[in-house]
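Worksheet for the structure shown next.
The values are calculated or read from the model by the stated rules, or taken from the named source; none is laboratory data. What you see is a predicted model, and the numbers here were worked out from it, not measured in a lab. Note that we place each Cβ from the backbone using ideal geometry, even for glycine, and neighbour counts take in every protein chain shown.
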Amino acid sequence: MSYALIIAEVRRGVFEERNLDSAGIAALLGKEAVMLLPDGAYQTGNIADTIVKVKVGEEVFLNPLNLKNILEKVFTARGNPDVIIFTHSSFGMESAAYTAGAFGFPVVTDVSGYDKERGVFLKSYYSDKIFGEFKANGGPVVLSVRSGSFKEFAAEKTATRVEEIEGVAPVEGRTFVEYVEEEKADVDITKADFLLSVGRGIGNKDEIPAYEDLAGKLKAVLSGSRPVIDKMWLPKPRQVGTSGKTVKPKVYLAMGISGAFQHIAGMKDSECIIAVNKDTEAPIFQYAHFGIVADIHKVRDKLKEIMG
Amino acid sequence: MNILVFTKRVAATQEEELRIRDEGASVDLSKVPFKINDWDNYSIEEAVRIVEKTGGTVTAISIGDAESDEVLRRAIAMGAKDGFLVNSESVFHDPGVRSRLIQNFIQKENIPFDVIFTGVQSEDDQFGCVGGILGAVLGLPYSSMVIGIDAVEKDHMIIRRELEGGLQERIKITVPCVLSIQSGINEPRYVSIMGIRKASKVERKVFKAADYAAEAGPGIEVVQWAYPEKKGVATMLTGELDVVCGQLLGILKEKGVFQ
């Protein structure tokens with residue numbers, strides 16, 4: 001039986017919205033959608049033909065070592081699928097790779113497009129400057145799909161069958177201990193109307209005070225992209241992006257941010273996006289309303305000069 | 001604790017204009033500078049910090065062309081004891097091929113280890129798969145997105161994984177294991193040119209990738225390379241800096257966020 005197996009991403013009782021992208025690519029591929037879920041009351045909507053509920057808790061399911069054992073049972077019962085679909089997230093990235101390795105299946109991650117006629121998957125290279133068109137030799141192929149890329153293709157199913165399968169004994173090699181919440185922030189960047197956000201392009205830590213000064217003059221709140229947080233130039237609660245905060249200010253002024261998709265996902269719904277970057281090819285210009293190709297330090301100093 | 005760390009030399013394309021050539025068959029990297037993969041820099045630092053506390057050694061391994069010796073010297077300058085180059089002139093786009101080559105190399109050469117570190121992903125292909133496939137084929141516990149290592153014991157480690165929205169999960173993982181290290185886990189030490197020069201005096205062993213090639217061919221292939229689809233919605237502000245900055249302030253006023 002030809003089918004697409006969607007490995008649902010859930011976290012603390014929430015069915016993640018990016019599962020819609022998994023359902024979307026299953027629909028594009030024209031496959032029967034079978035969605036695997038752990039035990040629990042999740043708001044899934046009718047996006048799959050069949051839901052297979054595994055009698056294990058969420059933390060057991062989200063562990064790639066346990067998932068391998070769960071998948072063995074599914075494959076024995078239903079035969080191998082044509083495609084196994086994960087979200088491209090912390091969970092999906094980890095489990096897609098482990099699943100591919102465990103079963104010897106081909107894998108393509110961060111898939112953001114599918115060309116039906118040619119049967120090729122589009123995958124980002126060099127931070128979205130180039131895309132590779134990939135073909136799998138045989139299958140089932142394991143995919144992790146980029147959030148926002150396929151949700152428009154997810155179809156409402158008239159009826160979703162629900163089946164249950166027995167769980168697996170959790171492995172001992174890796175076990176969940178607890179969730180750890182983020183440190184408390186001095187300022188909540190999700191509440192700001194105007195964010196001045198800085199990225200790798202600022203060059204070094206010594207430049208931060210001058211951007212703080214600019215933010216002060218503009219009455220904007222200063223935030224940053226991943227490289228700035230990784231280098232500890234700004235505190236973690238000021239990070240915009242999937243592993244940080246999702247923001248929707250009136251104005252998002254991005255300086256020296258090239259626009260990795262994890263960053264874009266955290267700010268693309270801002271009312272007005274203004275990008276300043278010296279690289280004309282920076283992907284952020286594809287999402288901005290206004291763009292300036294220039295040296296960001298010069299723009300910073302000129303703005304300060306004009307404001308006096 | 002003996003730690004193997006994989007390190008890759010990658011094209012630094014952040015500010016480069018990339019061109020596709022041969023009708024989509026290849027990407028021209030001839031004028032692009034190369035550097036250590038950012039994630040691997042964090043991995044090496046983390047490994048060195050652990051052995052500084054627990055004893056043992058860090059061995060840096062690179063799969064790549066002869067130029068990749070550069071990232072091994074760098075790793076040695078940071079505190080790795082040995083550097084192994086598994087030399088291959090071809091680029092492996094299939095992470096499955098890469099991981100099985102590593103598996104064969106470790107097993108055939110009988111390289112002892114307690115833990116293997118990889119970066120979460122490499123900057124060029126962004127696959128993020130080598131660690132996960134390697135963990136599975138070696139039959140070892142695996143975790144990716146490792147953003148903190150809280151405890152290192154003989155038989156297990158307590159680590160933190162980065163999830164979304166600032167959330168982390170703490171997990172216990174038994175040793176031996178494979179971990180993929182996330183950027184931002186530490187502040188990598190500064191590596192001076194003098195340090196790298198000194199590291200050059202440590203002999204790096206070279207192996208031939210062909211001796212460890214996987215039996216199975218690639219599971220995936222690149223059909224061709226393509227430029228991103230241009231959405232092109234941005235209005236570009238051009239002209240003298242004064243004018244452009246004036247326009248920018250005008251937009252901020254119009255949007256009501258600046259008086």
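Here are the numbers for this structure:
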| quantity | calculated |
| --- | --- |
| Residue count, the range B:149-171 (criterion: of a type in the set (D, E, K, R), in contact (Cβ under 8 Å) with a residue 12 or more places away in the chain and either more than 10 Å from chain A (Cβ to nearest Cβ) or touching a Lys or Arg at 6+ places or on another chain (Cβ under 7 Å) (or both)) | 6 |
| Residue in the range A:1-10 that is nearest to the chain's Cα centre (by Cα), counting only those that are surrounded by fewer than 24 Cβ atoms within 10 Å (Cβ to Cβ) and assigned to a strand (DSSP E or B) | A:Val10 |
| Odd one out for A:Ser197 among (1) over 24 Å from A:Ile7 (Cβ atoms); (2) among the hydroxyl-bearing types (Ser, Thr, Tyr); (3) facing chain B (nearest Cβ under 8 Å) | (3) |
| Residues that are of a type in the set (Gly, Ala, Ser) and modelled with pLDDT under 90, drawn from the range A:147-169 | A:Ala155, A:Ala159 |
| Matching entry among B:Ala75, B:Ala66 (being more than 14 Å from chain A (Cβ to nearest Cβ), within 19 Å of the chain's Cα centre (by Cα) and crowded, with 20+ Cβ neighbours inside 10 Å) | B:Ala75 |
| Which numbered condition A:Thr76 misses (of (1) over 18 Å from A:Phe150 (Cα atoms); (2) crowded, with 16+ Cβ neighbours inside 10 Å; (3) of a type in the set (Ser, Thr, Tyr)) | (2) |
| Scope the range A:158-184; condition part of a strand (DSSP E or B), under 15 Å from A:Val56 (Cβ atoms), more than 7 Å from chain B (Cβ to nearest Cβ) and of a type outside the set (Val, Ile, Thr); matching residues | A:Glu163, A:Glu164 |
| Selected residue (criterion: farthest from the other protein chains (Cβ to nearest Cβ)) from residues of the range B:230-246 that are of a type in the set (Gly, Ala, Ser) and surrounded by 13 or more Cβ atoms within 10 Å (Cβ to Cβ) | B:Gly246 |
| Selection within the range A:164-198 - closer than 20 Å to A:Leu218 by Cβ and surrounded by fewer than 19 Cβ atoms within 10 Å (Cβ to Cβ) | A:Asp186, A:Val187, A:Asp188, A:Thr190, A:Lys191, A:Asp193 |
| Qualifying positions in the range A:284-308 - at the interface with chain B (Cβ under 7 Å from one of its Cβ atoms) and either in contact with a Pro (Cβ under 9 Å, 6 or more places away or on another chain) or touching a residue at least 60 places away in the same chain (Cβ under 8 Å) (or both) | A:Gln286, A:Leu303 |
| Selection count, the range A:134-157, where residues are of a type outside the set (Lys, Arg), at the interface with chain B (Cβ under 10 Å from one of its Cβ atoms) and under 25 Å from B:Val27 (Cβ atoms) | 6 |
| Of all residues in the range A:11-63 being closer than 21 Å to A:Ala154 by Cβ and among the β-branched types (Val, Ile, Thr), the one that is surrounded by the most Cβ atoms within 10 Å (Cβ to Cβ) | A:Ile25 |
| Subset of the range B:173-195 [within 11 Å of another protein chain (Cβ to nearest Cβ) and either hydroxyl-bearing (Ser, Thr, Tyr) or in a loop (DSSP other than H, G, I, E, B) (or both)] | B:Thr174, B:Val175, B:Pro176, B:Ser180, B:Gln182, B:Ser183, B:Gly184, B:Ile185, B:Asn186, B:Glu187, B:Pro188 |
| Search result, residues across the range B:1-25 that are among the polar types (S, T, N, Q) and at pLDDT below 95 | B:Thr13, B:Gln14 |
| Verdict on B:Leu249 being without any contact (Cβ under 8 Å) to a residue 40 or more places away in the chain, closer than 30 Å to A:Gly138 by Cβ, at the interface with chain A (Cβ under 9 Å from one of its Cβ atoms) and not in a strand (DSSP E or B) | no |
| Residues (polar (S, T, N, Q) and either surrounded by fewer than 22 Cβ atoms within 10 Å (Cβ to Cβ) or free of Cβ contacts under 8 Å to residues at least 12 places away in the same chain (or both)) located in the range A:113-163 | A:Ser127, A:Asn137, A:Ser149, A:Thr158, A:Thr160 |
| Residues located in the range B:137-146, provided they are in a strand (DSSP E or B), of a type outside the set (Phe, Trp, Tyr) and at the interface with another protein chain (Cβ under 9 Å from one of its Cβ atoms) | B:Ser143, B:Ser144, B:Met145 |
| Any hit, the range A:6-18, residues being of a type in the set (Gly, Ala, Ser), touching a helix residue (DSSP H, G or I) at 6+ places or on another chain (Cβ under 7 Å) and either more than 29 Å from B:Pro141 (Cα to Cα) or at pLDDT below 95 (or both) | no |
| Pairs, first crowded, with 16+ Cβ neighbours inside 10 Å in the range B:200-229, second in a helix (DSSP H, G or I) and among the acidic types (Asp, Glu), C-beta under 9 Å, six or more apart | B:Arg204/B:Asp69; B:Pro228/A:Asp128 |
| Single condition B:Thr174 does not satisfy, out of (1) among the polar types (S, T, N, Q); (2) surrounded by fewer than 19 Cβ atoms within 10 Å (Cβ to Cβ); (3) without any contact (Cβ under 8 Å) to a residue 24 or more places away in the chain; (4) in contact with a Lys or Arg (Cβ under 9 Å, 6 or more places away or on another chain) | (3) |
| Hey, A:Ala260 under 17 Å from A:Arg200 (Cα atoms) and either more than 7 Å from every other protein chain (Cβ to nearest Cβ) or of a type in the set (D, E, K, R) (or both) or not | yes |
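Per-residue answers, yes or no, for (1) under 18 Å from the mean Cα position of the chain (by Cα); (2) under 16 Å from B:Val223 (Cβ atoms); (3) within 7 Å of chain B (Cβ to nearest Cβ); (4) in a helix (DSSP H, G or I):
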position	(1), (2), (3), (4)
A:Phe86	yes, no, no, no
A:Gly92	yes, no, no, yes
A:Ala96	yes, no, no, yes
A:Thr99	no, no, no, yes
A:Ala102	no, no, yes, yes
A:Val108	yes, yes, yes, no
A:Val111	yes, yes, no, no
A:Lys123	yes, yes, no, no
A:Gly132	no, yes, yes, no
